[in-house]
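Notes to accompany the following structure.
What follows is calculated from the coordinates using simple rules that are stated; it is not laboratory data. Values in this document were obtained by computation on a predicted structure and should not be read as measured data. So basically every Cβ, Gly included, is an ideal-geometry build from the backbone, and we count neighbours across all protein chains shown.
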Amino acid sequence: MTTIRFKRTVLIPLLAMALFACNTDEGNDKPGIIVAEEIPVSLIHVNMGVGDSQLEATGMFTTDDETLLAFKNGGIIERIYVKEGELVKKGQLLAILNLTELNAKASQVKLAIDKAQRDFNRAQKLYKDSVATLEQFENAKTQLDYLKEDLNTINFNMRYSEIRATTNGYVLMRLANEGQIVGPGTPIVQINGASKGDWMVKIGVSDQQWAAIQEGDSARITTDAFSDVLPAKVHRKSEGIDPKTGTFSILVKPNTIGKLPIASGMFARVTIFGQASNAWSLPYSALLDGDAGRGFVYVTEDKLIAKKVEVKIGAIQKDHVEILSGLEQFKYVIEAGSPYLKDGSKIKVIAK
């Protein structure tokens, strides 16, 4: 989000108090009638879309391919072959279930297939000799096909009763132990592709900040683990809110890592530099009665009369506030002196 920073000025107290002067109207017998005088103010010229906005946030290092691996079926864990922090290769066997039960079921189905095959062969011969009916022949064939598909299912379950690495990387966590009974889909190990150097920092932002950030925006990453400042870019924005945190996720990827020591979950600070956009940035002294995304400011076109207008408020930064709309038709905003104004007040511009 583009921002413009203005120098905050303070009016001289004596000038700010010179609001009214006593005067006598020639056509009035009552002396001391108060006549409004010009109120001293200072102005700022409003430009749109100049400069860079900054968003500061904190997050943790992660990779784009962190994966929780689990068995398809429940059972007793026979072996876990890796430890946390261990380097693994794609396809490497990481863990396996005790296969005694599945092996027994496979043997039973194989025996049933053998019997079904004999029954089918007999029914086929009898059908050719017109002794067996077509229905008996088809029933024998259906039984044989059914048992073959049952064996395919058992073989499939046996194949997914072991866990293999989906990518080259590291084991982040072991979430179960050998001998433990686990259900289908229970996470056993977590791995990532850190061996490829695809480290990123994941941060959470509000909906307004999410809308202001664009993929490709430049950024920088710092951490207490090392003194290097990592130039980075916004790699990806989430398309939905994270139900765990209630925020939108932004992935910021360093341009280069080198040999810096990075681990999953390491704390990091991120500064994102936005692109130019259609917004204004005003000091707090110019804003009046800000509430729920709306507020009021005083503007002027001729530097003689003040006008009160409503504006839409965007992000609130440390030393300024962003205005999203309301200033399209105006050149000047009154920065100091606005607390003494009302709509239509005469003003006198003083130098900063």
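Tally Lys/Arg at +1 and Asp/Glu at -1 over every other residue whose Cβ is under 12 Å from the Cβ of residue 269; what's the total?
-1
With r defined as the distance between the Cβ atoms of residue 228 and residue 54 and R0 fixed at 30 Å, what FRET efficiency is calculated, to the nearest 0.05?
According to the calculation, E is roughly 0.90.
By how many nm would the segment from residue 150 to residue 259 lengthen if fully extended, with 0.36 nm per residue of separation less the alpha-carbon distance?
Values: separation 109, 0.36 × 109 = 39.24 nm, distance 5.16 nm.
Value of the extension gain: 34.1 nm.
Give me the net charge of residue 140's neighbourhood, meaning all other residues with Cβ under 15 Å from the Cβ of residue 140; Lys, Arg count +1, Asp, Glu -1. Could the numbers behind the result be given before it?
Numbers: positive: 115, 118, 122, 125, 128, 141, 148; negative: 114, 119, 129, 135, 138, 145.
Surrounding charge for residue 140 is +1.
For segment 100-160, count all C-alpha to C-alpha pairs, find those more than 16 Å apart, and express that count as a whole percent of the total. Walk me through the numbers before you get to the answer.
Values: 880 of 1830 pairs.
Percentage above 16 Å: 48.
Under 5 Å between amide hydrogens, which residues at least 5 positions from residue 314 or on another chain qualify, with H placed 1.01 Å from N in the peptide plane?
Counting only residues 5 or more places away or on other chains, the set is 322, 323, 324.
Return the long-range amide H neighbours of residue 95 (sequence gap of 5 or more, or a different chain), with a cut-off of under 5 Å between placed amide H atoms.
Distant-sequence amide H within range of residue 95: 81, 163.
Output ³J(HN,Hα) for segment 162-172: one whole-Hz value per residue in order, computed from phi by the Karplus curve 6.51 cos²θ - 1.76 cosθ + 1.60 with θ = phi - 60°, and x for Gly and Pro.
Result, rounded to whole Hz: 10, 10, 10, 5, 8, 7, 6, x, 10, 7, 7.
Which net charge results when you count Lys and Arg as +1 and Asp and Glu as -1 among the other residues whose beta-carbon is under 14 Å from that of residue 80?
Value of the local net charge: -1.
Could you list, in their original order, any pairs among 83/202; 237/331; 233/259; 202/312 whose Cα atoms are separated by more than 28 Å? Before the final figure, lay out each step's value.
Values: 83/202 25 Å; 237/331 36 Å; 233/259 19 Å; 202/312 30 Å.
The answer is 237/331; 202/312.
Taking 8 Å as the Cα distance limit and 6 or more residues as the minimum spacing, I'd like the relative contact order of segment 67-141 as a percentage.
22
Can you work out the FRET efficiency for the pair residue 328 and residue 207, with r the C-beta to C-beta distance and R0 = 22 Å, to the nearest 0.05?
Approximately 0.40, to the nearest 0.05.
How high is the relative contact order of segment 100-160, given as a whole-number percent (alpha carbon pairs under 8 Å, six or more residues apart)? Let's see the in-between values first.
On the way: 32 pairs, mean separation 28.1, N = 61.
Averaging sequence separation for qualifying contacts and normalising by length gives 46 percent for segment 100-160.
What are the ³J(HN,Hα) couplings of segment 176-189, residue after residue, when phi is run through the Karplus curve with 6.51, -1.76, 1.60 and θ = phi - 60°? Round to Hz, x for glycine and proline.
Per-residue couplings from phi come out as 8, 10, 4, x, 7, 8, 10, x, x, x, 5, x, 10, 9 Hz.
State, to one decimal in nm, how far the label point of residue 129 lies from the label point of residue 307, with both points 7 Å from Cα in the Cβ direction.
10.8
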